[in-house]
1. Take the Cα of residue B:106, step 7 Å along the line toward its Cβ, and report every residue of region B:66-100 whose backbone nitrogen sits under 17 Å from that point.
2. Report the accessible area of residue B:115, computed with a 1.4 Å probe over the heavy atoms of all protein chains in place, in Å² rounded to the nearest 10.
3. With only alpha-carbon atoms counted, please give the Rg and Dmax of chain A, in Å.
4. Give me the distance in nm between label points sitting 7 Å out from Cα along the Cα-to-Cβ direction at residue B:124 and residue B:240, one decimal.
5. I'd like the carbon and sulfur percentage of the solvent accessible area for the protein assembly as shown, probe radius 1.4 Å, heavy atoms only, ligands and nucleic acids excluded.
6. Any chance you could run the full-extension gain for residue B:90 through residue B:209? It's 0.36 nm times the residue separation minus the Cα-Cα distance, nm to one decimal.
7. Output wanted: per-residue J couplings in Hz (rounded whole) for region B:149-155, from phi through Karplus 6.51 cos²θ - 1.76 cosθ + 1.60, θ = phi - 60°, x for Gly and Pro.
8. Going by Cα centres, region A:48-83 and region A:95-113 are how many Å apart?
Amino acid sequence: MENIYFKVSNLTTSYKDFSIKEIDFDLSSGDMLGLIGKSGSGKSTLIKTVIGLKKPKTGTISFYINDKKVPVENNVGYSSQENSLFPFLTLKENIMVYGKLMGLKKSEILERKRILLAKFKLENDENKKIVEFSGGMAKRADIIVTLLHNPAIIILDEPFNGLDFMLTRFLWEQIKDLAKEGKIIIVSSHFLTAIQKNCNKIGFISEGHFYNHNEMLARMKQRNLSSLQELFVE
Amino acid sequence: MRKITKTIPLVSASLKEFVRNWKSVCMLLLLPLLIIGSFFASFSTSGLQKIPVGIISQQDVELEEFENLLSGILITNKFDTLEDCMEELRKYNQYACIDVKKDRTYRIEMNYDNTRTLVIWGIINQVKSTIDYIKKQKTIEVTSKILEQVETGPQYIDEIQNDLAALDNALTVQTRNIDNSVQIINSGLISIETGLDSLNTRVSNINSKVYSLGSDKVVYSNSIKSSLNTIDGYGNQLIALGPPSSQYGTSVKSNTNLIKSNINNYDSKVDSAANNILLETNQISLVENTMDSSSSEIRRKVSEIQSINWDLKNKKTYVGQARDDLDILEEYFSKIEGISPEEVADPIKLSFQPTYLPDINPDIIRRFQDKEQDEITRLIKGETLLSFQVIFPKILLLIVMFISLLTSSFVCLNYIKSPATARLKTIKGMFFPSFFSIYIASSLITLIPIVAVVLLGNFLFLLPFVENLWIVCLILILTISINVLLGMGVSYLIKDKTLTLLVSIFMLLFLLFFSGFILPIERMGASPAKIATNFPGNIGTDALNKLLFYDQPFSSLKINIISLMIILFLLCSLILFIKKIREI
């Protein structure tokens, strides 16, 4: 298992006239960061900045695999709120296209496809177009493609929106398995209980500030709060 | 290489996305093919629709020929008054009202609806050429009659020529006779004058002899008388001697007296004779003088006759001149006779020689075997095919413009708005592959209807697309690329589907206008015309025209191709810049 380390220092990012300042956190292999905040607080903006889709105003993002600094972009798997797949292509075709775009060999793609389809229980649906998928199937398909190149960091932006309880639980299981494999997971969600339960680290964005796990714990301890819901309500 | 390996799957994905979306297939493939089909079908092979025009004429005006000639493209409707026709024209039921009046000549007044400019000029030209044709026929008719009359002219000239020749001969004979007569008179006059001179001399001789005879008579008479006086003396002496002797003296004396008396008688008679002679000679002299003056008069008159004769001789040159003039007149008549009535009716033959005529493909002739020969000619080499052919490159490039611009906008916006884009953005090095994938996918989608149109042009309209395949492909690829890039540029710039569609339509209208399809470039103002000329569609059309109609070599198309390449390069750079700025 690789030793992965991801550090964000003093990062400031913005979207239109709104910005999030002093973002500081670090994650290691197996860490799961739950990113919480109100709608429009800037979770997606932060994620886009972390994966390189947006340039930060200030700060640094560092990524190390086995103590060797590597670019984030090549090692990140990102699943956006909406499914990022070609809707009129079959799942198999989506896998092949993205596999090729990510620079994988055909044999590697086929191997990864076999593993991931089995893992996410979509073996029998690979020849269906994405438009023919249900919401849950589409999300699973999206995560399959996200994991196709076996990224070290997996970022899932609101992955549970519109999913039923069973599927949400299934997905959490899969995510945790990935963390157990030594991947770094960043999940943004409004499901605070599930975040608190499944993630070992939490990041909270409120009014342009990012509170990392330690700050969150200190804040909850200071205010004698026991759950994230209480913090959120406050 | 890595860029290409990324581009190919993206192109494939874009194409599959396009093909599997029935809406896009309908809107960007089937609909354009349908539109193209209906567009070409609108150019009916049976020609133009017949257009109604009204005719108003007086009872006595014969219009059958006029109407028959116009019936090819026009339907003529008769009206009683111009007002009736004009009322129908204002209701858009008639395109023109032709009022035909006749007094000594025909007067045709054409009232046309100039709000329908595109069609009306065709009608005006048709009416004009019909009238020109009739005018020509009438002129031929009248000229033929005139020329028939002119044909009798030379007969009269020949008669005058004969009369003049006779007159000429008569004058020659007359003048010659006068010359001879004058000569004879002159020699006669000389003889008379010589005779008169001789007579004059003789009269003078007679006169001098008469005078000499008078003086001799006086001398001889005096001498005789003196001798007689002497004899008388002797007689006296004898008388004095008395008888016998006195008898003798008396006889002598009476004889001498008798002699004297005789001498005196003779003298008187001689004098009287001499006087008579002198009187006669005087009369002769008088006659001689009269003759002399007559001779002078004759000589003067002869001189006058001579001068008249000279005049006559000179006047004879007028006859010659008149004959020469008649020869010229005859030649002039013969020239007039040589003129054909058609030459008079239509002295300036305006011949229109089109520089481009389509070849007839034997396969096509075979295909139309069951049709009438006229129809085959009309279809294959006639106006219909020709008008199709000449407009085809422009239509082709308009179709290229429409389809490639709309398709690329659609494909580009599909990419921008695709959920897949969010993930694609996370993959490193996707800037150029995403650009080229849209470009290639749009171009490939565009190629399908364009190839269909090109094949239509090649096999139905007989344009040599296949013969010049590689240059045609080069021109089409360049123009498709430019329009695809324009569509991509608009989409990158706006990013919004509805707005992009609107802007694309406005842009197409703008391009349509500047392609010279609505208003010919030659009729635009200087600056817009310059802009329009340098529009890629027009540069492409120009190149295709040169290639397809006049089989120009690549060297003459070089400037068009280079211009298109420059535009493509500049546009490509601009679109990449927009893509970068807009973070797509």
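The values are calculated or read from the model by the stated rules, or taken from the named source; none is laboratory data. What you see is a predicted model; the values in this text were computed from it and never measured. Virtual Cβ from ideal backbone geometry, glycine too; neighbours counted across all protein chains shown. In case anyone asks, the SASA skips ligands and DNA or RNA and just uses the protein heavy atoms, side chains included. Shrake-Rupley method; radii C 1.70, N 1.55, O 1.52, S 1.80 Å.
1. Flagged as within label range: B:66-79, B:97-100.
2. 90 Å²
3. Over chain A's Cα set, Rg and Dmax evaluate to 17.7, 55 Å.
4. Placing both labels 7 Å along Cα→Cβ, they lie 15.9 nm apart.
5. Carbon-and-sulfur percentage of accessible area, whole number: 58.
6. 29.6 nm is the gain from fully extending residue B:90 to residue B:209.
7. 5, 4, 4, 6, x, x, 4
8. The two parts, judged by their Cα centres, are 21 Å apart.
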